[in-house]
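Coordinate-derived values only; no laboratory data. All figures in this text were calculated on a predicted structure; none of them were measured in a lab. Quick reminder, even Gly has a Cβ in these numbers, built from the backbone with ideal geometry, and neighbours come from all protein chains shown.
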Amino acid sequence: MKIKIGHIDYKYREVDIVNRQDPFQVGECDFTNRLISIDKTRSETEQGEILLHELIHVIDEYFRIGLKEKHVKLLGHGLSMVFCDNPSLQELFVDRLKKRQENCH
Ligand SMILES: [Zn+2]
């Protein structure tokens, strides 16, 4: 699967081992190879949170925001918390962003 972020296409993959040097790493975004890797042994909920976290890293890199790891973690947890506590928000976003998507093509 591809994830388009700005003008860059990232390849998304779910793997058994994200990083052989760090066996505890559950997600990674490789800016050079344009690759987002997620530990597929994690629960689906965790995988969703990990993907959100990695997407924040990629957006940070794309716009050169300069977020610290702590900020990425807090934003990821915060967004995950809000979406989890407000399931109807997910539908609202999909509906509202559909118009933006139509204007992109
Ligand atoms: Zn991180």
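Among Glu28, Glu46, sorting on how many other beta-carbon atoms sit within 10 Å of each Cβ, with the fewest leading, yields Glu46, Glu28. How tilted is helix 87-104 with respect to the longest principal axis of the chain? Cα atoms for both, answer in degrees (0 to 90, nearest 10). Helix 87-104 and the main axis of the chain meet at about 80 degrees. Taking the charge dipole of the chain about its Cα centre, with +1 at Lys and Arg Cβ atoms and -1 at Asp and Glu Cβ atoms, the residue from Leu79, Asn33, Leu52 reaching farthest to the positive side is Asn33. Against the chain, whose longest principal axis is taken from its Cα atoms, helix 44-63 shows a tilt of about 80°. The alpha carbon gyration tensor of the stretch 1-50 gives principal lengths a ≥ b ≥ c with a/c of 1.5 or higher and a/b no greater than b/c, which makes the shape oblate.
Taking a straight Cα-Cα cut-off under 18 Å and skipping sequence neighbours fewer than 8 places away in the same chain, the lysines within cross-link reach of Lys11 are Lys2, Lys40.
Here the residues Tyr10, Tyr62, ranked from fewest to most Cβ neighbours within 10 Å of their Cβ, fall in the order Tyr62, Tyr10. Counting only DSSP beta bridges with both residues in the chain, the antiparallel share comes to about 60 percent.
With R₀ set to 35 Å, the beta-carbon distance separating Ser43 from Asn103 gives a calculated FRET efficiency near 0.45. If you wrap the tightest convex hull around every Cα atom of the chain and split its volume per residue, you get 122 Å³. What you get for the chain, charging only the Cβ of Lys and Arg (+1) and of Asp and Glu (-1), is a dipole of about 400 debye around the Cα centre.
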